[in-house]
1. Can you report the number of residues in the stretch B:252-269 which are more than 14 Å from chain A (Cβ to nearest Cβ), more than 24 Å from B:Arg282 (Cβ to Cβ) and buried (at least 16 other Cβ atoms within 10 Å of the Cβ)?
2. Tell me which residues, restricted to the stretch A:485-496, are within 10 Å of another protein chain (Cβ to nearest Cβ) and assigned to a helix (DSSP H, G or I).
3. Out of all the residues in the stretch A:678-686, is one or more in a helix (DSSP H, G or I) and more than 29 Å from A:Asn576 (Cα to Cα)?
4. With the checklist (1) surrounded by 13 or more Cβ atoms within 10 Å (Cβ to Cβ); (2) over 30 Å from A:Glu474 (Cβ atoms) in hand, flag the one item B:Ala276 doesn't pass.
5. If only one of A:Leu550, A:Leu588, A:Leu566 is in the same structural domain as A:Asp434 (by TED's automatic domain parsing) and modelled with pLDDT of 95 or more, which one is it?
6. Within the set of pairs 6 or more residues apart or between chains, which connect a residue that is surrounded by 14 or more Cβ atoms within 10 Å (Cβ to Cβ) inside the stretch A:586-599 to a residue that is acidic (Asp, Glu) with Cβ atoms less than 7 Å apart?
7. Among the helices (runs of 4 or more DSSP H) confined wholly to the stretch A:395-472, which include 3 or more residues that are under 17 Å from A:Arg577 (Cβ atoms)?
8. Out of B:Thr174, B:Thr168, report the one residue that is within 14 Å of chain A (Cβ to nearest Cβ) and loosely packed, with under 14 Cβ neighbours inside 10 Å.
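The values are calculated or read from the model by the stated rules, or taken from the named source; none is laboratory data. Not measured: the values here are computed from a predicted model. Here the Cβ positions follow ideal geometry from the backbone for every residue, glycine too, while neighbour counts run over all protein chains shown.
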Amino acid sequence: MGRRKQQQTPDSATAAKQTPPPHPAEALASEASHPTLPTPPHKTSWLPVALLFLAAWLYIELRIDPPLRYYHAGPVFFLNSDFLADHLDRPGGLVEYAAAWLAQTDCRAMLGAFVTASLSALVWGAAALLLKPAGRCHSWLPFVPALLLLALAGRYDAPLHAIAFGLLLALCGAVAWQVWRPVPSGLRWGSFWLAVAALFYVAGPIPSLLFVLLGTLWETALAMKPSLDSDSSCFQAAQHAPRIRNVIRTVREKDQPVPQTERPPALSLPAQPRSGRFTSPVVCGLAVAVIAGGILVFPEMSLATVFTPWGTGLSLVVCALLHVCLPIALGLTVAGIGAPVARGTAASSGERRRRMPHPTRWVWRLAGLAASVALLAASFDWDRKPLIRIAWEAQQSRWERVLEAARSLRRMPDPSAQLAINQALYHTGRLNQDLFAFPQRKGAPLLPSMRQGMAVCVPLSNTLLELGQISLAEHYAHEALENIGQRPHLLWQLARINVLQDRPRAARVFLNRLRLVPFHREKAVRRLEALAADPTLGSEDDIARVRPFLVTRDYADSEIPTEFLLRQLLQSNRRNRMAFEYLMAHYLLNGQSEPLLQTLGALDQHGIWETPRHVEEAMIAHLASKESNQTEIAGRRVSPDTIRRYGEFLAHLDKDSARVADLPERLAAGFGDTFWFYQRFGMTFGAIRPTHTTGRQ
Amino acid sequence: MNLRLHPNTCRIALGCLLASLHVASAAADTAAPSPPRMPRLAPDYTDIVLPPNIAPMNFIIQEDGARFRTRLSGPAGSPIDLAGRSPRVAIPIRPWNDLLRANVGSHILIEIAVLSREGEWFEFQAVTNRVAPDELDGHLVYRRLLPLYNIYRTMGIYQRDLETFKETPVLENTRFGRGCLNCHTFLQHSPDHMALHIRTQDSGNPMLLIASNQVATVAKTSGYMSWHPSGRLLAASANKLSLFFHTKGETRDVFDADSDLGIYRVDSNTVVSPPAIARPDRLETWPCWAPDGRALYFSSAPKLGNMDRRRFR
């Protein structure tokens, strides 16, 4: 490529414009026999590169939010020799280890975004280096894999760091192979096979296969275009560099065409017999046998285990594109297909840019930028992000943020998100006030079980722990531990559970494990010290708050009904307000007005002086069903506002009863956040208008 | 208030004061240092019997200190000296083996000294452990799994070389679709004959019979097993187990709804269940042959209804 970036005077450029482009075969032959003058690479403008890097950094930090990736699908990592040893006995283990280590930076938004942006930038740089000696190509071509990496980052469940690392290693290997090519063919093939074997062990089958593909393509290109070799050999470039510089300086000073006689002598490549032309590509291609042999040596490796981390759907497509785009780009570049239109054989890309009208240049750039943004937007997992955000914020006990994320939901949340939303509603004092202002579906239990999916285990364990059902919380925490691995929040949770179960030694086991996780060491050490001082952790708020409400009676079954669990908690401690409010919510969700109204007498005991809105709604609906004119039950009077709204609801229901098809949509606008709407239609997605909210009494 | 003391009183008081000071100083001069106590170790490897072929019994010194010094010695053999800032004592395997083998039937001493934060060495009372005259079986076979409840992903049967720390898998569930495996038993502790029961998603719940490195799959479901000393019979239970949970204390519990015993004849690949060990009204389980093979011991209990489990812990 450097060879083509030849300095031209205006005269020669004009001449070049007038000359018809030569036939590709002639051009190849001409290039092969008369290598043209190498010129120094085009001076890279760092400002656009820096701006793009900054944009990627900001995109990852603000849109993707690395802590969400960390919480949802971040790999487990422990800073000890055992964990490293576990990764040494299988191909790709080292890259997995390094990727898991880097993925820990996602714990901090800014740092994680910087690391991901840097990985993308490195892939970009390596792709540019790979394509540079292969011929002229569009400047955006090396940007494609980096863009795909950013798209993959927006999918949340793909092992981004491992894939980026593997890709980078394959690219670096291919670039190194372009530069370092020992002349004795035996050594060359041997080193290639060794490199494949090493890459197979370090990065696994896919990166090593990519390396083989790129290497074979490059060897094929060399067989077709031997002139490429003169560009790629560093030592040759270095040999001629001072002389080239002098020539260029002279040309620039004199503004004259380079005399043909002053060109460096053509590099004499050994003539290769036609029969031996394809020896190198074939031998390189046979390196696939090394990979196949490796797969046979490690029987636990299969296609399923190799491709499972790529996920399904769009993630799988992006991963596949990421791995095929580079060989395609290299092939196209070598073949000269889709290369920028050359305005004369010797025109440099810089010069072409300078010749392009300024507005046109910017239009192209903006179009490229818009296409990139469109790709990122199209591939971003808009549905999953709020769900992960709900789980993450609930884990951090940031309850207002949970509700904020719940408001951005586009579809009915899964039971695990539902649990977190209900927990957030309780903590903000709005469980029976705004329960139906958020998505609810009839039949979905307030405290689900694993029948509703394994994802419920973590939030269910959190809720049960807070309620005081410590043994069941332990059960679900262990199910989650087996299902999603030794995540930091689970280790912390199990340590808390064991303290509450009066098993401080078991708690230490989990805390000692947590101590090995980057960014969690300090927290674990602090708790270990507190545990050493007081095995009951009586002074720790998260423990002391729960201990008075622990269940005191045993009950055994394979699945325990929600109502029974909550009543058992109230029997253990009748001041368990969370259990009381959950019990009311359970009745509301099941439309059980009678038992709900029986709890009214206990509202005062829990300091709930103002009747919660949904309870009032259930009261008025109950009274209406009995055709009673009263507005009071058990000393609790329904507020005039609730009575008025109920009247409006009934009026709308009567008015629109003829149009049954879109009745829920029309009523949802004004009554979607009410018990009546939920009771009538069996589900609600909240109201479109602002809800009636009040703080904790 | 004026206080006037008699001169003799003052003299007596002064005498008493001097005398008491003298006694105190004498007591201080003659006070012997407190006798050394036993060190706190985790695990508590004090007063135990060590098989002569056991791997190094590493431990942690649970004493506060800046440096730690440990000496392992016996009446014979070369002592092992270890020192460092860490309270973790990792004994090198070869010197440990040599020391144990040199002291078979005798004892070894563990002498520990800790440098206090003030810079003084404190020596603890030596720990004495006896060395058994006979060696232990070289390997231990066990199932390794996380504290599981309902679901599981990885588990396996492993063997551990007790003379080193080397652990190798016998069978891991990743080899058969992450199914379940356990219920393994050896014929008179011999590694040549073994039975192992697995549960798979696709291939049923077969029993694996291993005899002299030959593995045979037997399509018989079995639970708890016991080899007859002859190696031709295998008593096994067939259970109908279900997991349930408690809301207080240990959460996990298992209910056996039905259980009978059967005798598997290895030669003919048949199972017989005589009424004496498979009564419909009782649960028979946990079989164990007498060492001479003349009697089969097992547990028998009345069958209970599903709801009865709530009555038990």
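1. 1
2. Residue satisfying the conditions is A:Leu494 alone.
3. Yes - at least one qualifying residue is present in the stretch A:678-686.
4. (1)
5. Being in the same structural domain as A:Asp434 (by TED's automatic domain parsing) and modelled with pLDDT of 95 or more holds for just one of A:Leu550, A:Leu588, A:Leu566, which is A:Leu588.
6. Short answer, once both residue conditions are applied: A:His586/A:Glu563.
7. It comes to A:415-427, A:457-467.
8. The conditions single out B:Thr168.
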